[in-house]
Amino acid sequence: MDVFDKSILFSLTKSCRISFSQLASELNLPAVEVGTRIQRLVNNHTILKFTVVLNPYLLNLHNAIIIFRSLTPLELNRLTLLGVHSTIESISIGTAHEGFAYARYSNKKDFAELAEHFQQFHKAFEELHLYPVIPLVNTGILAPTQDIVSLEKEDWLILAHLREQGRLSLQELSKRIEIEVEVINERLDYLRHHNLIQETIQINPVRSPKETLTMFQCEFTILNHLIQQEIMQEINTIPNFWPTSSWKSANRPVLFLSFYCSSYTEVEKIQAQLTELPGVKSIIKVMGGTTYYFTDIRDELIEEKRSHGWFSPEKWVTDAPID
């Protein structure tokens with residue numbers, strides 16, 4: 001991936017239904033090239049899914065990072081068991097029996113239960129640390145200006161399909177839910193205007209055993225706004241920086257910085273660069289890998305609506321088309 005691919009991915013995390021022509025204008029690239037690049041990112045499974053979901057702030061959800069090291073390999077079936085908890089959104093696992101998970105929790109009780117849940121389904125954790133975090137970069141998610149009761153039946157129908165195929169055309173969506181295109185467009189405008197939805201993508205940057213998504217837990221002596229700005233200026237010069245998986249501790253002077261690397265040599269080089277950041281006190285690295293996504297509390301809410309007969313259980317197509 002080059003700088004344009006990363007820019008495309010970052011833009012799509014904020015607005016997965018953006019037109020290729022608009023995205024091309026923002027990046028100063030030909031629309032045909034943008035479409036070709038996105039198709040390649042889909043074909044090589046860097047983009048796993050385009051999806052439209054409820055704004056997490058609508059449900060008062062907070063962010064958490066779980067860093068773990070295991071004495072034994074975490075096999076796929078064990079990962080699946082870890083992912084059944086409704087707070088777990090994704091897990092990135094490397095080849096060295098270590099990795100990190102991303103979770104959304106609603107209260108202190110949910111947060112406290114996360115560690116217990118991990119230990120319950122995998123007894124061989126040598127280390128397991130939980131951190132409440134906030135996004136390090138602007139994710140484009142704003143606070144909603146209406147509450148969840150403002151969603152109408154049509155909104156839940158729209159979300160039920162767009163959560164699986166975020167770039168589904170209005171015409172195809174109209175056929176599936178038997179609602180006129182004009183009404184769908186009106187409801188989407190309403191959901192966007194009041195920040196009730198998040199139009200995003202699921203990303204897996206790691207596609208081979210030689211690649212890694214490494215998270216560096218960097219503790220600083222002090223981390224005020226000005227120092228963080230200075231640090232970010234330095235970090236943004238590192239081409240491997242992966243902003244969508246980087247976080248700031250909610251209660252400590254700690255940054256969780258992620259970098260996509262194609263070799264262990266690159267990992268070591270980045271660690272050396274990070275040690276030169278102003279005020280850095282300690283650095284701990286955790287090498288993740290392939291990212292697995294799971295059903296979270298927002299999906300469960302939509303399923304609850306469906307189980308009450310809000311929409312028919314028709315089969316959803318899983319291959320998201322590229323317009």
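Take the Cα of residue 21, step 7 Å toward its Cβ, do the same at residue 251, and the gap between the two points is 5.1 nm. Normalise the Debye intensity by I(0) for region 3-44, one equal point scatterer per Cα, no solvent, then take log10 at q = 0.17 Å⁻¹ and round to two decimals. Here the Debye-derived log intensity ratios amount to -0.36. Global size of region 1-100: 17.2, 49 Å for Rg and Dmax (C-alpha atoms, Rg to one decimal, Dmax whole).
Taking 0.36 nm per residue of separation and subtracting the Cα-Cα distance, full extension of the segment from residue 45 to residue 143 would add 32.2 nm. Our estimate of slack between residue 71 and residue 14, defined as 0.36 nm per intervening residue step minus the Cα-Cα distance, is 16.8 nm.
Principal-axis analysis of the Cα atoms of the chain puts helix 31-43 at an angle of about 70° to the longest axis. For the pair region 30-85 and region 197-245, the centres of their Cα atoms are 15 angstrom apart. The packing ranking of peptides 136-146, 213-223, highest mean first, is 213-223, 136-146, where packing means the average number of other beta carbon atoms within 10 angstrom of each residue.
Helix 3-14 and the longest principal axis of the C-alpha atoms of the chain enclose an angle of approximately 60°. Put simply, the amide H of residue 62, placed in the peptide plane, has neighbours under 5 Å in 105, 106, leaving out anything fewer than 5 places away on its chain.
The order of the peptides 9-22, 98-111 by mean Cβ neighbours within 10 Å, most packed first, is 98-111, 9-22.
Viscosity 1.002 mPa s, temperature 20 °C: Stokes-Einstein D of region 89-169 from its Kirkwood Cα radius, in µm² per second? Result for D is 130 µm²/s. Considering only 91, 143, 63, the residue lying farthest towards the positive end of the dipole of region 26-154 is 91, judged by Cα position with unit charges set on Cβ.
With viscosity 0.890 mPa s and temperature 25 °C, the Kirkwood radius over alpha carbon pairs of region 212-288 converts through Stokes-Einstein to a diffusion coefficient of 199 µm²/s. Using just its DSSP H runs of length 4 or more, each adding -39500 (n - 2.57), the chain gives a mean residue ellipticity at 222 nm of -11000 deg cm²/dmol after division by all residues. A quarter of the convex hull surface defined by the alpha-carbon atoms of the chain gives 17.0 nm² as the mean projection.
The numbers here are math on the coordinates, done by the rules we state, and not lab data. What you see is a predicted model, and the numbers here were worked out from it, not measured in a lab. Here the Cβ is made from the backbone with ideal geometry for all residues, glycine too, and neighbour counts use every protein chain on show.
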